[in-house]
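These notes are about the structure you will find just below.
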Ligand code: G16
């Protein structure tokens, strides 16, 4: 086995986005592309000599090849050990847990999350630090700088390592431990939730469908829901991870998880429905006849988390991304705990969790999680819901109704315009930005603008500042519009417009969200001129 040094030169555009480097698979499989980025990670973190790392991914096309390359580069860098999921698989939350529980120095996660997989779809690489969380901005900036300075990479020439069974392997003096991807994660879940109570729920005839969307959560959901919790066989569907996610789009929302939504809205609906994404960190929750928005799910979980043993002592605080609805803020107020508003990106929760300031975090983009790991966690959210249902023994609709009656309802929707010309999208936001100082006090389409600014975040733990994190327009009646560009797309620019309006608990709580938010959407159009500027008549995706 020979350690070789390969000359290279910087490749344009290797800038990590909201969550690692996500690109078209065809870009990633180009010669030197992956190697340049991985070497840049090593260079940015002071090398991997003597370090231990966790490695795994969501099983998408190129996961297997990339894992072998990264193992050989870790060995060439002198890493002491790599813990890798069997078959190169690890869900993102399971990877986070392994980094923490094994005291590893960091982890590399191979995933483009909810983006489709395959040679013509997307791939991604993300680096997580020793706390198990996504690298903070300061580290991703260093990685980006390293990609622009790289002149060589190091790799060991060797045969592929057998990752098909658990056990110990060696590569050029580096230890490799291939682990069952599910076992440690399942053990963690057993410490947080009342498995006996959830088993009792299922034994009493409770039914559910979990759609794993042909992605990494399948084996986890089978083992935990059907194996440990006695959910009826067949409750978990699309449970075998496939490199192209069965040709689907593994994004658990009403658009891409349509079959589950249709089932839940029909006469044969089980009591509870849920789905997870490509790498297992996102979730969708559906009750019989009712879809629970991610923002509402966060609020309901915050209000009821104490019903699960792992959270019986109460919550230290909660956090949400700025664009997430403010439903959880009302729960925090009632519980008299702090509520933090962060930029989009799970990495911004890391410091708050590490400092013990918050227990629960969540985002409108179908992410919920807690201090048990440093990533959002799809199956964890499903289990917390199940634990709450096992205690309350009420339908999801009833839980939502009671919640809205107690706290009011934040009608909420996100409109995505995908694959826009980046220049057009940038110009549109620049034009809006320029008008911000003049907007407060103006009436637009009959609604009074009360505030207008661009969100900047000062991290209360390390004092770092993140600017340009979304334009927010506050409207009379506790309504709000947020405009921002996605940091996870791989094609052109994706404009996200977030619409929100509060309805008090005594008001109309069961309106169609589209209708309830239509006046706010009209203001968004008037302020930005999307139709005229982009030629698009309507958003590509509404969630
Ligand atoms: C990632 C981040 C999330 C973020 C989401 C959407 O999730 O971890 O924090 O909310 O992207 O980001 P954007 O609006 O910039 O596209 P995931 O599940 O894709 O890793």
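Of all residues in the stretch 323-334, one or more are surrounded by fewer than 24 Cβ atoms within 10 Å (Cβ to Cβ) and over 23 Å from residue 459 (Cβ atoms).
Enumerate the pairs (first residue in the stretch 332-353 and outside the structural domain of residue 455 (by TED's automatic domain parsing) and over 22 Å from residue 137 (Cβ atoms); second residue anywhere and away from the ligand (no atom under 16 Å from the Cβ) and assigned to a loop (DSSP other than H, G, I, E, B)) with beta-carbon separation below 6 Å, excluding pairs fewer than 6 apart on the same chain, so at least 6 apart or on different chains. Qualifying pairs under 6 Å: 337/315. Between 484, 472, the distinction of being touching a residue at least 60 places away in the same chain (Cβ under 8 Å), part of a strand (DSSP E or B) and touching a helix residue (DSSP H, G or I) at 6+ places or on another chain (Cβ under 9 Å) belongs to 484 only.
Do we find that residue 53 is away from the ligand (no atom under 16 Å from the Cβ) and either surrounded by 23 or more Cβ atoms within 10 Å (Cβ to Cβ) or modelled with pLDDT of 95 or more (or both) in this structure?
yes
Here residue 140 fulfils each of the conditions (1) within 25 Å of residue 5 (Cβ to Cβ); (2) in contact with a strand residue (DSSP E or B) (Cβ under 9 Å, 6 or more places away or on another chain); (3) part of a helix (DSSP H, G or I) apart from (1).
Does the stretch 101-119 contain at least one residue that is buried (at least 24 other Cβ atoms within 10 Å of the Cβ), in a loop (DSSP other than H, G, I, E, B) and away from the ligand (no atom under 16 Å from the Cβ)? No, the stretch 101-119 contains no residue that is buried (at least 24 other Cβ atoms within 10 Å of the Cβ), in a loop (DSSP other than H, G, I, E, B) and away from the ligand (no atom under 16 Å from the Cβ). The stretch 198-316 holds helices (runs of 4 or more DSSP H) entirely within its bounds, and those carrying 3 or more residues that are modelled with pLDDT of 95 or more and in contact with a helix residue (DSSP H, G or I) (Cβ under 9 Å, 6 or more places away or on another chain) map to 217-221, 294-304. Residues of the stretch 487-507 being in contact with a helix residue (DSSP H, G or I) (Cβ under 8 Å, 6 or more places away or on another chain) and more than 16 Å from the ligand (Cβ to nearest atom), which ones? Once the filter is applied, which keeps residues that are in contact with a helix residue (DSSP H, G or I) (Cβ under 8 Å, 6 or more places away or on another chain) and more than 16 Å from the ligand (Cβ to nearest atom), the stretch 487-507 yields 501, 503, 505.
The values are calculated or read from the model by the stated rules, or taken from the named source; none is laboratory data. Fair warning: this is a prediction, and the values are worked out from it, not measured in the lab. Cβ sites come from the backbone with ideal geometry, for glycine too, and all protein chains shown count toward neighbours.
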